[in-house]
Structure formats: C-alpha cells, structure tokens
Amino acid sequence: MKFSSYTNVALASAKIGTDVLLSYYNRKLNIEYKGEIDPVTQADKNAQKAMIKIIRNVFPEHGILAEEDGIKETGKDYCWIIDPLDGTVNFVHGLPMFCVSIGLKHKDEIIVGVIYAPIMKEVFIAEKDKGAWFNGKRINVSKNKNIIRSLATTGFPYYFRKNSQRVMKNFDNIVHEAQGVRRLGSAALDLAYVACGRFEFFWEEGLKPWDIAAGILMIKEAGGIISDYDGSKDALFGTTLLAANNWTVYSKIFGIINEKR
C-alpha cells in the first residue's frame with residue numbers, strides 16, 4: 001500500500017518516538033506524578049520532543065496537541081495529536097504493553113493514525129479511505145456477533161478511586177455478558193486490537209484525545225463502530241468511548257452502559 005506523505009511522516013515520527021522509549025526501557029527512570037497514580041518520565045517527554053521535531057521539519061505550519069508539557073496548538077486545519085507513551089504504568093514496571101500513538105486531524109476528522117508497540121514489534125497504520133493495516137497486512141474487525149463469545153477490553157480512569165460507581169457498575173454488568181474482559185493498560189492498543197479482531201469491543205471513560213485519536217480511525221477503517229456513551233460518533237474530544245466490531249455487539253453494550261446510571 002502506498003500511503004500519503006502525512007502517513008509516512010506519522011510513521012517516521014512514531015518510529016523515532018519508540019527509539020527514544022527503548023533507550024529508557026528497563027532502566028532507572030526519573031518518575032514524576034501528574035496525580036496520585038499518574039506517572040510521567042523523562043522517556044515520555046524526550047520521545048515527544050523527538051516526535052514533534054520530525055513533524056515540524058516537514059509541516060511547520062501544522063498544529064500539535066500532545067500529552068506532555070501542555071502543548072495545545074489546536075486552532076489550525078491540520079493538527080497532530082500525540083501520545084508519546086501510552087501505557088506509562090506498564091512501561092515503568094517493565095511490562096511490554098505500551099506504545100506510541102499519533103493521529104492527524106484535518107478540520108473535523110482524523111485522517112491518519114499510527115500505533116506502534118516496539119517491544120512486541122507491532123505497527124498499526126490507518127489512513128482515511130485506505131483501510132487499516134497491521135505489520136503490512138490489511139486488517140478487519142471480528143465478525144463475531146455473539147456476546148457470550150466476545151472478548152472485551154477496558155481500562156479504569158485515574159479518578160477511579162474517588163468516583164468508581166459508574167465504572168464498577170459497567171464492569172460488573174459487562175463481565176457477566178461477555179466471554180471475558182481484559183485490561184491491557186493502554187487504550188491505544190485496546191483500540192488497535194479491536195481493529196484487528198483480537199477483541200470484539202472496548203469501553204472506557206476518563207479518556208483524552210491523545211489516547212484515542214489514532215485508534216478511532218483504526219476502528220473505522222477496519223469496519224468497526226465508534227461512539228461515546230451517549231451515542232455521538234464525534235467522540236474525539238469527549239471523555240467516554242465505546243468501540244465495537246459490529247452493530248449487534250455495539251447495541252448490546254450500548255444498552256448495558258445506558259441502563260439507569
């Protein structure tokens with residue numbers, strides 16, 4: 001597949017980001033906390049700087065929205081949405097389930113998404129109207145429509161300890177309907193794995209645009225369904241997300257989440 005220059009830059013940016021992360025992986029880190037349990041390290045920050053440099057060298061006029069250092073240049077037609085390390089808690093504990101996630105938004109829609117998990121050597125690429133790809137092969141969502149045979153994935157927001165009622169209600173209800181539920185610790189990987197058929201659906205709240213920008217396009221281009229908990233398909237700047245492989249599964253989970261809150 002021949003991708004656009006935007007996708008090629010996204011891939012180059014993600015690759016340099018993962019190179020930086022690998023230089024810190026399983027080594028002593030300077031860990032700070034943005035909240036009680038929300039870590040950030042020099043690996044996150046330096047990976048982000050390297051990624052932004054790649055983008056600015058090619059597209060200096062584009063805006064950037066990035067997780068670290070409060071970079072929010074969103075008032076431009078093209079805006080790169082960057083998570084230099086999705087799965088930071090995994091990273092600091094030496095677990096391999098972490099990735100770089102980068103999406104490009106043009107006006108009101110995501111047109112490019114790359115999710116790169118370096119330890120597992122998994123590269124997911126999506127480009128608007130060109131499909132979703134995993135390590136060079138076209139991917140599609142699972143065809144399974146049976147909830148009891150569906151494997152799900154979710155995450156818990158950082159505010160969970162202070163406000164857990166809805167989170168636990170949804171988890172309890174869904175775990176009794178699905179074949180199983182997994183928690184990888186990386187929303188970007190969760191979405192990539194729904195896109196390639198490993199999971200049938202994903203739900204989570206407390207999300208940020210950089211957690212989901214690339215994954216939203218990945219799901220759409222792989223034939224899946226995206227919305228927030230209220231059913232809006234424009235979920236990028238919301239705080240909740242539901243992703244499913246088809247309308248049968250989506251409708252079931254949407255109904256569970258929207259039972260009396």
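The values are calculated or read from the model by the stated rules, or taken from the named source; none is laboratory data. From a predicted model like this one, the values you see are computed outputs, not experimental measurements. No Cβ is skipped: glycine too gets one built from the backbone with ideal geometry, and neighbour counts run over all protein chains shown.
Descriptive notes on the structure:
- Some residue of the stretch 209-222 being surrounded by fewer than 16 Cβ atoms within 10 Å (Cβ to Cβ) and closer than 21 Å to residue 117 by Cα: no
- Residues (exposed (fewer than 12 other Cβ atoms within 10 Å of the Cβ) and of a type in the set (A, V, I, L, M)) located in the stretch 1-16: 1
- Only one entry of 208, 128 meets the criterion of being of a type in the set (Lys, Arg) and in the same structural domain as residue 82 (by TED's automatic domain parsing), and that entry is 128.
- All positions within the stretch 17-44 that are surrounded by 18 or more Cβ atoms within 10 Å (Cβ to Cβ) and under 17 Å from residue 101 (Cβ atoms): 17, 18, 20, 21, 40, 41, 43, 44
- Residue match in the stretch 238-249 (condition: modelled with pLDDT under 95 and over 19 Å from residue 115 (Cα atoms)): yes
- Filtered by the rule that a residue be in contact with a strand residue (DSSP E or B) (Cβ under 6 Å, 6 or more places away or on another chain) and within 16 Å of residue 258 (Cα to Cα), the stretch 165-184 gives a lone residue, 175.
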